[in-house]
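**Student:** Quick one: the structure is below, questions incoming.
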Protein chains: 2
Amino acid sequence: MAQKPSIPKGTRDFNAVEVAKRSYIMNIIKEQFELYGFQPIETPSFENSDTLMGKYGDEGDRLIFKILNSGDFLRNVELGSKFLKEIFRRNLGDAFIILYKAEFEDKSIEEIDNISDVDKIESLYETSLFNNNLFLNTFSDNIIEKIKKEFSKMSPFLLAAIVRYMKRIAEDNTSLFENSQRFSKAVERAYFKNVFIEDNFKDVANKISEKALRYDLTVPFARYVVQHQNEIEFPFKRYQIQPVWRADRPQKGRFREFYQCDADVVGSKSLFQEVEFVQLYDAVFTALDLKGVTIKINNRKILSGIAEVIGVQDKLIDFTVALDKLDKIGEEKVKEEMRSKGMSEDGISKLQPLFSLEGDFGTQVESLKSILNTSEVGLKGIEELEFIDASISKLGLKTANLQLDVTLARGLNYYTGAIFEVSAPDGVKMGSIGGGGRYDDLTSIFGKPDTSGVGISFGLDRIYLVLEELNLFPETIADATKVLFINFGDKEAMACLQAVTQLRQNGVKAELYPDNAKMKKQMTHANRRNIPYVVLLGEEELNSDTYTLKNMKTGEQEKLKLQELLSSLK
Amino acid sequence: MAQKPSIPKGTRDFNAVEVAKRSYIMNIIKEQFELYGFQPIETPSFENSDTLMGKYGDEGDRLIFKILNSGDFLRNVELGSKFLKEIFRRNLGDAFIILYKAEFEDKSIEEIDNISDVDKIESLYETSLFNNNLFLNTFSDNIIEKIKKEFSKMSPFLLAAIVRYMKRIAEDNTSLFENSQRFSKAVERAYFKNVFIEDNFKDVANKISEKALRYDLTVPFARYVVQHQNEIEFPFKRYQIQPVWRADRPQKGRFREFYQCDADVVGSKSLFQEVEFVQLYDAVFTALDLKGVTIKINNRKILSGIAEVIGVQDKLIDFTVALDKLDKIGEEKVKEEMRSKGMSEDGISKLQPLFSLEGDFGTQVESLKSILNTSEVGLKGIEELEFIDASISKLGLKTANLQLDVTLARGLNYYTGAIFEVSAPDGVKMGSIGGGGRYDDLTSIFGKPDTSGVGISFGLDRIYLVLEELNLFPETIADATKVLFINFGDKEAMACLQAVTQLRQNGVKAELYPDNAKMKKQMTHANRRNIPYVVLLGEEELNSDTYTLKNMKTGEQEKLKLQELLSSLK
């Protein structure tokens, strides 16, 4: 039965044009990253689970794709299942033969020969060793070790129980076989107790999966920095353009596999870096011909300052979440939400000037100063913003606008200083097309404290949609094969292939139609693939050592010598 | 507790130089693919398991990385675990509260309001509904449906058992609570029966995982071709350069994540494609300056022909596996292995000429002809080889050699015509650095029969090692930042950044050292990063509007105006 082919929800196939367009964006980002001194690194698609788990909150953890322990794991699960099945059928002998196989069947004959006790074990179970006490006296520890080894791979929650009962039986110094009823009963109870009472399935999921697909590029980067800190020269400027995976509900513009394009610097607190990131955003979007993007900037210290001034430091997150909605739900609803979270009327009224922040960067900053004049941290945030704004004013931006947005939060708990977000030009409906900020202590979870970092990210998929909507991809982007040689039969095709070879060596994308199909079919093939030229090399051309070059758009034809052909297609 | 950072075995981090070297190889391969008319596609990193499973043999299946169903799956596993725990504690009421939560807690309040029976259910269990028969009469089907829904997600092997016993209790028309002892006992037994007797863990693994990481690029390509056949113009020439994942035992040069670089044509049986693939190999390795690679070629039809002649068609695989070892173990041991597999002395003696095949392509072909003169399929294979050889002789190869190798098999069951393998130049110890062949029916598993394909692959990691060993990477490959501006303080740094901005706009990779650190530290940073120039812009330069450019290799310094600086660094 043929399978109906499909791909998992939230994933995509990309055809040649889509690959070309995506590469176009990535190459421009890459080029600008490198002009700004960022160096590429790559990390593995999957990391150890404990590198990722617990770094993105409960919701994030849930969205991490976990990879089943494979190969040996599945083999042992299967063998373990058979082993237990035999035990519950009271076939202890068979059960242990399975165990024996589990131990040795992945080894070569040579290897098994070198295991000193193999003959002993083999003869022992061949002669129903499980019938006598000799076995238990001699091998109980041995067997327990084997079981331990197998079951620690297969099903850790079961291990403790089995070993416990094996030991008890061994201590009884009676035959394992005589005890088989009691043994299997005990394992059965212990199994239940372990699975349903002591363990729970979540732990089991963690035990059968030790690796997980990368959820973002930031945590792997932090891991990379700490792991390679002795090889890295700080401040370390790296960029990374790789896919990430999230088990999010797929929806328009949100996928389960998508690329992130990140640039970060770690190892310096200099605000010049924030300045350069604003420039970098401007440079990339200018190079993409996407004019008029808005780079919104805020600072965590300002948010902390406001919370301090209105006396809700302890409700910083509630406060910020509410403020963040100003754009969407308006002033009144924001205030309502703040009230419902228990913020005082007095505090909220102090916020009033925030709701009417207007004017350019400088004017807004002046208003903020008056709001925050009692907050040290708030004033520090303002100072940082002013430095960035003044620098950018001096340096100038090509096509982007820098805008203060005190409602901007973006994963507040993560950022400690500047917060960036880029929105598409006016008139294009699209969420943010980039974002980032400063985080002061990312690498400490991996054992390297006090390493400040700052970085930005580009949203490839959304940028793609914006460029598509505004028709900003260069027309020539998917230019593929330039010339197709029509196949008139083996003799002619052979001569064609010689010319094709020459063209390719001169950098011209050229193809020979592989079969001697009908002329019309071959011409249609050229048209469907948007190949602008075909070459006809029939009997006549072969004899006169010429090539008929046909322009598929105009229909014009000309007879050319090989050198002429080369120079007209180059 | 800080975690000690590490990555899963068999995976790798790549630093900037490694990324640059890998990109160098991939870009050259890509460029040649495109000159030959191949178009890029990309497929998702993970496919539905049933797309991949069963395509690579038992061993292959074992090596496929499976992805745990995530998000909802884990939530339900957890809830299911809690549910069962309560059941086994005889707390049926609590168990059903969990079930209720499982059903509704991922819904918004608004959504729950719209579920007509929610109030009913809620009040029912709040008033210990499980005590009276009303519940069972009214809701047993309802509850069974809910359980079905939850448990079909959580633990399919358990579902049947629970539902069966729920139904039996419902039929008894007695209270669920009164039956709780009997019920939990029954579930317990049924659970065991299901897990250990009727199901087995392998099925469970398949049920908790529906997606798997790509194992190669060929099967996803076949899936792509069938899924998109109506958009594709055939013959379809595609290339694909993406990572694949295999749970192989990691060893030198073998990784669990690695890139494949494949080019394939589907939809034509023309032998000109085989000819072009030989040229393509030559073109890529020539462009990489890796001269003297050997492109070995064979044909499945020749292997079939030989088996036919010596009367072992039914042992084609045993025969080929043995023959394939000629290089490694020599003639005698090959014959021994053939004997041990039951091939006749008579047949083996007919092989004698094979062992002494010598000379150039043409000479070997002549010997083969005499061996295979009674085999139609064998002679067809020879004809194909001769066509390819004659064409290549006419077209010429730049730096590679084409060699007939009748022992070459490479996944015999897969290929139906030409078989290719590329080995590194003499003197470099390395397995094959490329391979491929023709397969006549790859897409039929996905419902598109009779679509011949032929393709080749490049082994990126091994090519990398070979280029490294022969020192063939261009020296400038990792040239990163060209000039570092020394930071003498904010005022000077600001002026630097203006010059840096100009340089970047002119395509020069330039950086400002972000902090006003000690001069020596900044110079060391430039040296460690192999930055060839630094610019010094102190008080004096600021006043005279000049830049002191220092060549880090020679130590030479010169004072330049901005325009001079630009033109000397460009």
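The values are calculated or read from the model by the stated rules, or taken from the named source; none is laboratory data. Quick caveat: nothing in here was measured; it's all calculated off a predicted structure. We place every Cβ from the backbone using ideal geometry, glycine too, and count neighbours over all the protein chains shown. The accessibility values were calculated without ligands, DNA or RNA, using every heavy atom of the protein model including side chains. Shrake-Rupley method; radii C 1.70, N 1.55, O 1.52, S 1.80 Å.
**Student:** Of all residues in region A:463-514, count the ones that are open to solvent by 40 Å² or more (accessible area, probe 1.4 Å), of a type in the set (S, T, N, Q) and within 40 Å of the chain's Cα centre (by Cα).
**Tutor:** So the answer is 4.
**Student:** Shifting gears a bit: Pairs under 7 Å by beta carbon, first residue on the phi > 0 side of the Ramachandran plot in region B:281-296, partner open to solvent by 20 Å² or more (accessible area, probe 1.4 Å) and of a type in the set (A, V, I, L, M, F, W, C), six or more apart or different chains?
**Tutor:** That search, which allows pairs on different chains as well, returns B:ASP289/B:LEU472.
**Student:** Go through region B:525-540 and report how many residues are in a strand (DSSP E or B) and either open to solvent by less than 20 Å² (accessible area, probe 1.4 Å) or more than 14 Å from B:CYS496 (Cβ to Cβ) (or both). Can you show your working first?
**Tutor:** Of region B:525-540, the ones in a strand (DSSP E or B) are B:533-536.
Narrowing further to those that are either open to solvent by less than 20 Å² (accessible area, probe 1.4 Å) or more than 14 Å from B:CYS496 (Cβ to Cβ) (or both): B:534-536.
The number of residues fulfilling the criteria is 3.
**Student:** Something else about it: Conditions first: (1) hydrophobic (A, V, I, L, M, F, W, C); (2) modelled with pLDDT under 95; (3) out of contact with any Ser or Thr (no Cβ under 9 Å at 6 or more places or on another chain). B:PHE255 passes all but one, so which condition is the exception?
**Tutor:** Of (1) hydrophobic (A, V, I, L, M, F, W, C); (2) modelled with pLDDT under 95; (3) out of contact with any Ser or Thr (no Cβ under 9 Å at 6 or more places or on another chain), only one is false for B:PHE255: (3).
**Student:** Being touching a residue at least 40 places away in the same chain (Cβ under 8 Å) and basic (Lys, Arg) is the filter here; which residues of region B:372-398 pass it?
**Tutor:** B:LYS380, B:LYS398
**Student:** Shifting gears a bit: In region A:35-58, which residues are more than 26 Å from B:ARG246 (Cβ to Cβ), open to solvent by 30 Å² or more (accessible area, probe 1.4 Å) and in contact (Cβ under 8 Å) with a residue 12 or more places away in the chain?
**Tutor:** The first filter runs over region A:35-58 and keeps only residues more than 26 Å from B:ARG246 (Cβ to Cβ), leaving A:35-39, A:54-58.
Keeping just the survivors that are open to solvent by 30 Å² or more (accessible area, probe 1.4 Å) gives A:39, A:54-58.
Once the filter is applied, which keeps residues that are more than 26 Å from B:ARG246 (Cβ to Cβ), open to solvent by 30 Å² or more (accessible area, probe 1.4 Å) and in contact (Cβ under 8 Å) with a residue 12 or more places away in the chain, region A:35-58 yields A:GLN39, A:LYS55, A:TYR56.
**Student:** OK, next. So which residues in region B:470-499 are among the aliphatic types (A, V, I, L, M) and outside any helix (DSSP H, G or I)?
**Tutor:** Once the filter is applied, which keeps residues that are among the aliphatic types (A, V, I, L, M) and outside any helix (DSSP H, G or I), region B:470-499 yields B:LEU470, B:LEU472, B:ALA480, B:VAL483, B:LEU484, B:ILE486.
**Student:** Return the residue satisfying two criteria in turn: it lies in region B:263-292 and is crowded, with 21+ Cβ neighbours inside 10 Å and of a type in the set (Asp, Glu), and of such residues it is farthest from the other protein chains (Cβ to nearest Cβ).
**Tutor:** The selected residue is B:ASP264.
**Student:** Further question: Return the residues of region A:491-512 that are touching a residue at least 24 places away in the same chain (Cβ under 8 Å) and more than 8 Å from chain B (Cβ to nearest Cβ); say none if nothing qualifies. Lay out the reasoning, then the answer.
**Tutor:** Keep residues of region A:491-512 that are touching a residue at least 24 places away in the same chain (Cβ under 8 Å), which gives A:491-492, A:495-496, A:499, A:502-503, A:506-512.
Matches in region A:491-512: A:LYS491, A:GLU492, A:ALA495, A:CYS496, A:ALA499, A:GLN502, A:LEU503, A:ASN506.
**Student:** Let me spell it out: the conditions are (1) acidic (Asp, Glu); (2) in contact with a strand residue (DSSP E or B) (Cβ under 7 Å, 6 or more places away or on another chain); (3) at pLDDT below 95, and A:GLU539 meets all of them except one. Which number is the exception?
**Tutor:** Exception for A:GLU539: condition (2).
**Student:** Exactly one condition in (1) assigned to a helix (DSSP H, G or I); (2) open to solvent by less than 10 Å² (accessible area, probe 1.4 Å) is not met by A:VAL422; state its number.
**Tutor:** Tallying (1) assigned to a helix (DSSP H, G or I); (2) open to solvent by less than 10 Å² (accessible area, probe 1.4 Å), A:VAL422 fails exactly one: (1).
**Student:** Which one of these does A:LEU408 not meet: (1) over 21 Å from the mean Cα position of the chain (by Cα); (2) surrounded by 16 or more Cβ atoms within 10 Å (Cβ to Cβ); (3) closer than 30 Å to B:GLY37 by Cα?
**Tutor:** Result: A:LEU408 fails condition (3) only.
**Student:** If you don't mind, another one. Give the residues of region A:425-445 that are within 18 Å of A:LEU288 (Cβ to Cβ) and open to solvent by less than 10 Å² (accessible area, probe 1.4 Å), sorted by residue number.
**Tutor:** A:ILE433, A:GLY434, A:GLY435, A:GLY436
**Student:** Among the numbered criteria (1) at the interface with another protein chain (Cβ under 9 Å from one of its Cβ atoms); (2) outside any loop (DSSP other than H, G, I, E, B); (3) open to solvent by 20 Å² or more (accessible area, probe 1.4 Å), which one does A:VAL19 miss?
**Tutor:** (3)
**Student:** Can you tell me which residue is most open to solvent (accessible area, probe 1.4 Å) among those in region B:541-570 that are closer than 18 Å to B:THR524 by Cα and in a loop (DSSP other than H, G, I, E, B)?
**Tutor:** Out of the qualifying residues, it is B:LYS553.
**Student:** If you don't mind, another one. Only helices (runs of 4 or more DSSP H) wholly contained in region A:293-381 count here; list those with 3 or more residues that are crowded, with 17+ Cβ neighbours inside 10 Å and out of contact with any Phe, Trp or Tyr (no Cβ under 9 Å at 6 or more places or on another chain). Even if it seems obvious, please write down each step before you answer.
**Tutor:** Details: elements: A:300-309, A:316-323, A:326-340, A:345-350, A:352-355, A:361-371.
Those helices (runs of 4 or more DSSP H) span A:300-309, A:316-323, A:361-371.
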